[in-house]
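No value in this document is a laboratory result; all are computed from the given coordinates. Source: prediction; values computed, not measured. So basically every Cβ, Gly included, is an ideal-geometry build from the backbone, and we count neighbours across all protein chains shown.
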């Protein structure tokens, strides 16, 4: 590679006179950053104030004939440049945006193995990549705790068992349940007595006063209400038999936790069983704060899990938190996913890609077309068979695929970007690189 680069440098077209003339013109200004107030460009490159510079910029193909100023800094044609060459703005020692490398001929470019491909427009939608974690859908998780303090007498289900609604889980002996059962029996007896008294009062109509009949009816109603209340209270406990009650599964699912053991005293604040239905799960996303612009509920999401290889799960963003986690500087997002085969398991980790509308224009180029030079990121564009221009770009933090990347800058769809041989061109733009010294630079 060193020999090829050195050979390439020896065959480059000489550009020393133009460089010397440019250096002479730059010294004309005492301050290299001084602006020409009249024409809106740097004084050192103002061809209206320094006509001797015109042939230099014309030779470089960087002259606006209409306005008489260098094309790259013309404030009318390129107001975004602010009248300053890219190197004057950056001042970082890296090749300036617009630096040109001219080869002696197209034949030399072919011998150097230089090849180009056309840049293409990036899709209208981009992707935000976020860390993903699978969790249970809270609406499909049941935590069963004791309804009344007591001692565990029997266990009917264990971890991993598949249960259906109504299946028995655990039986608990409780003194409170026994007392409640006694109160129910007493209330039932009072109701039977009250109903008998009311029936007798009805048979003795004309003998029993109206007041006595109304009192008998009131007693019957009170006894009936008391019995219904006691039965309802006892019904909340579960299935009862004497002083024991049995807890049952409220939903279908798999037992994922069992804390109950026979002979253990349990109270109302402990969880005895956890049942989870994993047929539908949530995928929680940690979306970085600086990538939230454009993210909204309803956008398509594709999730992949580290343990499941390339298998992808498609859904949409169901929820986006209105707050930022102060520790991770991320916002929580949730995606509901159907999980009929149970492949997604709680606490799996992976990545999720949220499809968002693009707020910026970007193009796609091959990875090999992107070069680094002293901290600057460059892509070389072929302007003529033997002329190449280095253009500074920003690599967008969302790769198009394994072989291509998205970039922003002065690269347009259809531009011919250098792939093979880009490294050799890069060496010609850095003063202390192999074979450097014969390139055309924008002043």
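Rg/Rh for segment 60-171: what does it come to with C-alpha atoms and Rh from Kirkwood?
Result: Rg/Rh = 1.54.
Tell me, what is the Rg over Rh of segment 175-242, with Rh the Kirkwood radius over Cα pairs?
When Rh is taken as the Kirkwood radius, the ratio is 1.16.
Got a sec? How would 349, 63, 380 order by Cβ neighbour count within 10 Å, fewest to most?
349, 63, 380
Would you mind ranking 220, 215 by Cβ crowding within 10 Å, fewest neighbours first?
Ascending Cβ contact count within 10 Å gives the list 215, 220.
Going by C-beta contacts inside 10 Å, put 195, 310 in order with the fewest on the left. Walk me through the numbers on the way to the answer.
Working: 195 15, 310 5.
Placing the least packed residue first, the sequence is 310, 195.
Sort 261-273, 362-374 for me by packing, meaning the mean count of neighbouring Cβ atoms within 10 Å per residue, highest on top. It would help to have the intermediate numbers written out before the result.
On the way: 261-273: 13.4, 362-374: 19.2.
Going by the mean number of other Cβ atoms within 10 Å, highest first, we get 362-374, 261-273.
If one computes P(r) from the Cα atoms of segment 101-221, what percent of pairs lie at distances over 25 Å?
Everything past 25 Å amounts to 71 percent.
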